[in-house]
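The values are calculated or read from the model by the stated rules, or taken from the named source; none is laboratory data. Fair warning: this is a prediction, and the values are worked out from it, not measured in the lab. Cβ placement follows ideal geometry from the backbone for every residue including glycine, while neighbour counts extend to all protein chains displayed.
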Ligand code: G1P
């Protein structure tokens, strides 16, 4: 376990609700990216290409998450993949032939882009042989994570935190309190059945202590409209909890149920992050990500604006 010497040891909280947080301040070095799902919501695009490899503007969806991990100080990524998804590993690996070709052609921009992807983080992968759920996928990463707190990124969710990456917002809370932290956002009531939903006690400034959680509640039964979005910092005790977690919503072993079991033995926090989320596991979310991120990119912004204005004029 790595501790940041610049942060004083002990419980670093004035909040009575968090007095039982360990305050151990380990730095988050490793992130798990569950990427074994079939991606049925994105068919037919995801038939032969992993949904995580579909392009948003100029890079695959999953690269946004890996870049966020790198800028949040994470050094090592554990991919949980499945048969037919080898291209994800290849994407983050060095590509000697391609690099040699680009070098010979003097394509410096291409070469830099290719080298950059392979140098963001160290990547290791494990396979999920059967689609037993998100909780099961995270448990498979245990041997590669070890006994330290770790991050989880659901790669479908692109998080644009601007100059403050959403994972960095979470790891700061973790560094201070030492317990698990889940990224949350308020959703309209009718959307709660699509998410893990939390019942919480507010602590301060968008920080909450989790009291209960439920994965994909039936319509009208959600305890709140605070929904889990695809970023977590978890203590390694979640692995024990997941080992005894039974299949839940959708007949799958759910990460939400594993974290829920943790609540009996340790505090779990939820942070309403500052930033914008794009759900790239849905058609509209994927389209929105392409449009908004192209508008935000100085290289494509002006042309995208003109294109949209023209398209809207013709559609009216
Ligand atoms: C998963 C989680 C859910 C979370 C959601 C966020 O569900 O199980 O708790 O709210 O991601 O995108 P999925 O979208 O994989 O069904």
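Worth pointing out:
- Screening residue 176 against (1) modelled with pLDDT of 95 or more; (2) more than 14 Å from the ligand (Cβ to nearest atom); (3) out of contact with any helix residue (DSSP H, G or I) (no Cβ under 6 Å at 6 or more places or on another chain) leaves a single unmet condition, (1).
- Pairs linking a residue in the range 276-305 that is over 14 Å from residue 54 (Cα atoms) to a residue that is assigned to a loop (DSSP other than H, G, I, E, B) and more than 13 Å from the ligand (Cβ to nearest atom), with Cβ atoms under 6 Å and 6 or more positions apart or on different chains, are 293/57; 294/57; 294/300.
- Looking across the range 188-212 at every residue that is within 11 Å of the ligand (Cβ to nearest atom) and buried (at least 19 other Cβ atoms within 10 Å of the Cβ), the one that is farthest from residue 281 (Cα to Cα) is identified as 198.
- Considering only residues in the range 260-284 that are under 26 Å from residue 128 (Cα atoms) and within 12 Å of the ligand (Cβ to nearest atom), the one that is surrounded by the most Cβ atoms within 10 Å (Cβ to Cβ) turns out to be 280.
- You will find that of 287, 312, 293, 308, the residue that is crowded, with 20+ Cβ neighbours inside 10 Å, over 22 Å from residue 174 (Cα atoms) and out of contact with any helix residue (DSSP H, G or I) (no Cβ under 6 Å at 6 or more places or on another chain) is 293 and no other.
- Residue within the range 19-27 that is part of a helix (DSSP H, G or I) and surrounded by 15 or more Cβ atoms within 10 Å (Cβ to Cβ) present: no
- Of the residues contained in the range 237-257, one or more are found to be closer than 18 Å to residue 185 by Cβ and buried (at least 18 other Cβ atoms within 10 Å of the Cβ).
- Any hit, the range 235-244, residues being within 13 Å of the ligand (Cβ to nearest atom) and over 27 Å from residue 172 (Cα atoms): no
- Subset of the range 213-234 (residues that are away from the ligand (no atom under 14 Å from the Cβ) and touching a helix residue (DSSP H, G or I) at 6+ places or on another chain (Cβ under 7 Å)): 218, 219, 233
- Contacts under 8 angstrom Cβ, first residue in the range 245-266 being closer than 28 Å to residue 20 by Cα and in contact (Cβ under 8 Å) with a residue 40 or more places away in the chain, partner in a loop (DSSP other than H, G, I, E, B) and near the ligand (Cβ under 10 Å from one of its atoms), 6 or more apart: 245/254; 254/133; 254/248; 255/133; 256/248; 257/248
- Residue 257 meets all of the listed conditions (1) more than 10 Å from the ligand (Cβ to nearest atom); (2) at pLDDT 95 or above but one, namely (1).
- Criterion (within 15 Å of residue 233 (Cβ to Cβ) and out of contact with any strand residue (DSSP E or B) (no Cβ under 7 Å at 6 or more places or on another chain)) met by exactly one of 183, 168, 141, 113: 168
- In the range 142-176, the residue that is surrounded by the fewest Cβ atoms within 10 Å (Cβ to Cβ) out of those that are farther than 23 Å from residue 52 by Cβ and free of Cβ contacts under 8 Å to residues at least 60 places away in the same chain is 163.
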